[in-house]
Each structure stands twice: as C-alpha cells, then as structure tokens.
Amino acid sequence: MKERSALFCNACAREIKMENGILKEDVFEGNKEWGYFSEKDMVRHSFILCEACYDKMISNFAIPVEEIEVTEL
Ligand SMILES: [Zn+2]
C-alpha cells in the first residue's frame, strides 16, 4: 500500500489509524467511474468507510453481501 497522509472515513469523519503512512485498520474503499448510462457521466467517485460505517451500510441491504472466505492473498 502506498504511503499517504491522514485518511478520514467519509461517513463519520473519524480519522483512520495510521502509523508512518501505513493503515493500522482496514477500511472499505469505494471507487466508481460513472459512465454514459448514468446521470454522473464521466465523473469518478471515491470514498472510504471505516469498518463500523461499512457494517452500518451493508446492514441496510435487502440482499446480504456475498461472503467468501479468503485463505491466501
Ligand atoms: Zn466511519
């Protein structure tokens, strides 16, 4: 992961724990380049969510997220 300056959760504005430019907690990173069939044509949206805000977001889903266990990266 590349070094970066302070990072904040977009939903709750909490600062993400970081040491020497390395994240000390895992976050959700959203990245979407909207295309022609949207009302945001050619606009890129990016945001991060801390784990608590991510959990809050997916708890609103009508269909639960697909969960796949990852054994090795
Ligand atoms: Zn948050």
>> Going residue by residue through region 1-11, is there one that turns out to be among the charged types (D, E, K, R) and either touching a Cys at 6+ places or on another chain (Cβ under 8 Å) or within 16 Å of the ligand (Cβ to nearest atom) (or both)?
In response: no
| said: It is to be established whether one or more residues within region 49-72 are within 26 Å of F8 (Cβ to Cβ) and part of a strand (DSSP E or B). | reply: yes
Only unsatisfied item for Y36, checking (1) more than 15 Å from the ligand (Cβ to nearest atom); (2) within 29 Å of S5 (Cβ to Cβ); (3) not small (G, A, S), is (2)
Within region 21-48, the residues that are in a loop (DSSP other than H, G, I, E, B), in contact (Cβ under 8 Å) with a residue 12 or more places away in the chain and open to solvent by 70 Å² or more (accessible area, probe 1.4 Å) are D26
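The values are calculated or read from the model by the stated rules, or taken from the named source; none is laboratory data. Keep in mind it's a predicted model, so treat the numbers as computed, not measured. Quick reminder, even Gly has a Cβ in these numbers, built from the backbone with ideal geometry, and neighbours come from all protein chains shown. Accessible surface areas use protein heavy atoms only, side chains included; no ligands, DNA or RNA. Shrake-Rupley method; radii C 1.70, N 1.55, O 1.52, S 1.80 Å.
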